[in-house]
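Here is the structure we will look at.
The values are calculated or read from the model by the stated rules, or taken from the named source; none is laboratory data. Since the model is a prediction, treat every value here as computed from it, not as a measurement. Positions of Cβ are generated from backbone atoms using ideal geometry, with glycine treated the same way; all protein chains shown enter the neighbour counts.
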Amino acid sequence: MREKIQSLKHAKNAIILAHYYQEPEIKRIADAVGDSYALSKTAKESEETLIVFCGVRFMAESAKILSPHKKVLLPNADAGCPMANMAVAEKVTDMKARYPDAAVVCYINSPVEVKALSDVCVTSSNAVSIVSGLHQKQVIFLPDQNLASYVALQCPEKDVIPYPGYCIVHDRVMPEEIQELKALHPDAPVAAHPECRRVVLDLADFVGSTSGILKYAAESPSPELIIVTEEGIRYDLEQQSPSKRFYFPGRVPMICENMKKTALEHVMWALEYEESEIEIEEAVRQKAFGCLEAMHRGK
Ligand code: 13P
Ligand code: SF4
């Protein structure tokens with residue numbers, strides 16, 4: 001399958017992008033592996049005319065928003081992000097009516113219709129810098145209430161109004177579990193993703209995106225670290241630092257089922273038949289483009 005994927009990819013001038021939470025077999029055949037921000041940038045800047053996006057729907061949608069003339073495929077059409085699906089356009093419109101002076105900031109984990117209603121998009125790697133650079137004091141932040149709370153803490157000059165969404169994988173980690181891990185590994189620093197609850201982030205030595213966590217782990221002098229994000233990143237951590245040990249919360253394993261829905265077969269079929277194409281109504285895409293472009297200009 002790997003050989004067939006490579007030959008189809010060259011024949012069709014395609015690029016394969018994979019998020020860190022994808023299975024190792026997918027990351028091994030990808031041209032670029034990254035966090036949401038890096039992948040959206042690669043999708044925008046790449047010269048290939050066919051993008052096979054191994055991630056979840058909002059990521060492939062973002063690529064299509066930025067590159068309307070390219071064909072963007074989501075190899076398994078069922079791979080969605082439950083948090084993104086919590087962001088409902090009607091509710092966002094209601095919030096905008098209630099807070100007419102507020103900037104509307106949407107996390108990239110949101111559907112295209114919600115991006116079309118927002119002023120600027122952010123990812124977990126640039127949310128704090130983009131929000132702190134806004135001229136408005138009031139900021140509607142959606143859909144992740146945990147990232148909103150983290151941004152509010154980092155930007156005390158802003159009045160952050162959160163939307164009640166959350167990630168079903170990161171939000172279920174409780175502080176007691178981190179305390180247990182810290183008791184077992186007292187010298188291991190804790191690196192956590194900002195989609196975790198504030199009470200969990202309060203116990204972390206570092207808070208950042210998936211690529212931020214990888215960088216922190218590479219630079220840390222500690223031979224062991226406690227990692228609080230989806231377990232797919234273990235592969236990249238171990239590739240990067242084979243001699244270090246990484247401990248993850250395990251009461252309920254941090255596994256995003258949607259991120260695991262893409263298998264090699266799906267990538268091969270996507271390249272062969274070019275189905276599961278992302279299609280977006282042009283008027284909606286243009287509005288969402290402004291939101292994503294504002295993010296790329298802002299960083
Ligand atoms: P990153 O932007 O850190 O890659 O995170 C994406 C995501 O879905 C985290 O759950
Ligand atoms: Fe969505 Fe959470 Fe899965 Fe990331 S880990 S794709 S936010 S459900």
Exercise. How about segment 107-196: which strands (runs of 3 or more DSSP E) wholly inside it have at least 2 residues that are surrounded by fewer than 21 Cβ atoms within 10 Å (Cβ to Cβ)?
Worked result: 159-162
Exercise. Tell me, which helices (runs of 4 or more DSSP H) lie completely within segment 218-299 with 2 or more residues that are polar (S, T, N, Q)?
Worked result: 233-240
Exercise. Could we say that Val267 is in contact (Cβ under 8 Å) with a residue 40 or more places away in the chain and within 16 Å of ligand 1 (Cβ to nearest atom) here?
Worked result: no
For this session: From Val139, Val122, Val114, Val128, grab the single residue that is under 25 Å from Gly34 (Cβ atoms), more than 14 Å from ligand 1 (Cβ to nearest atom) and modelled with pLDDT of 95 or more.
Result: Val114
For this session: State whether one or more residues within segment 9-24 are without any contact (Cβ under 8 Å) to a residue 12 or more places away in the chain and over 12 Å from Val72 (Cβ atoms).
Result: yes
Exercise. Does segment 228-242 contain any residue that is among the basic types (Lys, Arg), within 16 Å of ligand 1 (Cβ to nearest atom), without any contact (Cβ under 8 Å) to a residue 60 or more places away in the chain and under 30 Å from Thr93 (Cα atoms)?
Worked result: no
Seminar exercise, completed: Only one of Ile26, Ile16 is within 16 Å of ligand 2 (Cβ to nearest atom), within 17 Å of Lys261 (Cβ to Cβ) and within 25 Å of the chain's Cα centre (by Cα), namely Ile26
Exercise. If you scan segment 50-103, which residues turn out to be of a type in the set (Gly, Ala, Ser) and in contact with a His (Cβ under 7 Å, 6 or more places away or on another chain)?
Worked result: Gly55
Seminar exercise, completed: Among (1) within 16 Å of ligand 1 (Cβ to nearest atom); (2) farther than 23 Å from Pro175 by Cα; (3) surrounded by fewer than 17 Cβ atoms within 10 Å (Cβ to Cβ); (4) not hydroxyl-bearing (Ser, Thr, Tyr), Met259 falls short only on (3)
Exercise. So which residues in segment 5-52 are of a type in the set (Val, Ile, Thr), within 16 Å of ligand 1 (Cβ to nearest atom) and not in a strand (DSSP E or B), if there are any at all?
Worked result: Ile26, Thr42
For this session: Consider Tyr166 carefully, then state whether it is under 17 Å from Glu293 (Cβ atoms), at pLDDT 95 or above and within 14 Å of ligand 2 (Cβ to nearest atom).
Result: no
For this session: Name, by its number, the condition in (1) surrounded by 15 or more Cβ atoms within 10 Å (Cβ to Cβ); (2) touching a strand residue (DSSP E or B) at 6+ places or on another chain (Cβ under 9 Å) that does not hold for Arg245.
Result: (1)
For this session: Return yes when Phe246 is aromatic (Phe, Trp, Tyr) and under 22 Å from Glu257 (Cα atoms) and no when it is not.
Result: yes
For this session: Return yes or no: is Lys96 surrounded by fewer than 24 Cβ atoms within 10 Å (Cβ to Cβ) and either within 13 Å of ligand 1 (Cβ to nearest atom) or under 23 Å from Gly133 (Cα atoms) (or both)?
Result: yes
